[in-house]
Amino acid sequence: MSPRKNGFTLLEICLALMIGLLLITLAVPSVMGVLAEQRLKRSFEVFDVFVQSAKLKSVHERRDYVMAWDEKGITLKPAGEAQGTAGRNIDEDVKAEQFTFEKGQIYALERPAALSAHPANEWIFWKSGICEPAQIVFQGNGGKWTVRYDPLTARGLFLDSETK
């Protein structure tokens, strides 16, 4: 009878490695999906804070505010600001806020209640706290979402969400 040596055989080590690789292979897509969902949620939360800021400014300052889209981002400024000489605002105490798009992100504005076929790319918040009905479509590296904003509360309602 030969004495038994402590340790693992090569077969046992290979089997343990195969099981470990199988578990990692199954877990990675699931973790990637969770991370993509978190990126999408964060993109909405950051945008929603900007929307709530527009609503609060309009109510507290008792003036209409507009969110104006361009290729770089969104500018929040008083609606119909009067221009002085050299293109300077007459209201120097009011600073426009900027929401800058990150690389690969698109925030598209849809205005279902607009009266013209091709409305300006602007969303208005009136001093009463009511905003124009709007729908925002986001596309980014993590996926896309569509949110409809209620005109009375300026709260977003998710219509669609899809991760990549």
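The values are calculated or read from the model by the stated rules, or taken from the named source; none is laboratory data. Because the structure is a prediction, the values reported are computed rather than measured. In this analysis, Cβ positions are derived from the backbone assuming ideal geometry, glycine residues included, and neighbour counts consider all displayed protein chains.
Here are a few things to note about the model shown:
- Candidates in region 1-51 are the residues that are among the acidic types (Asp, Glu) and within 20 Å of Glu102 (Cβ to Cβ); of these, the one that is surrounded by the fewest Cβ atoms within 10 Å (Cβ to Cβ) is Glu45.
- Any hit, region 118-126, residues being farther than 26 Å from Lys41 by Cα and at pLDDT 95 or above: yes
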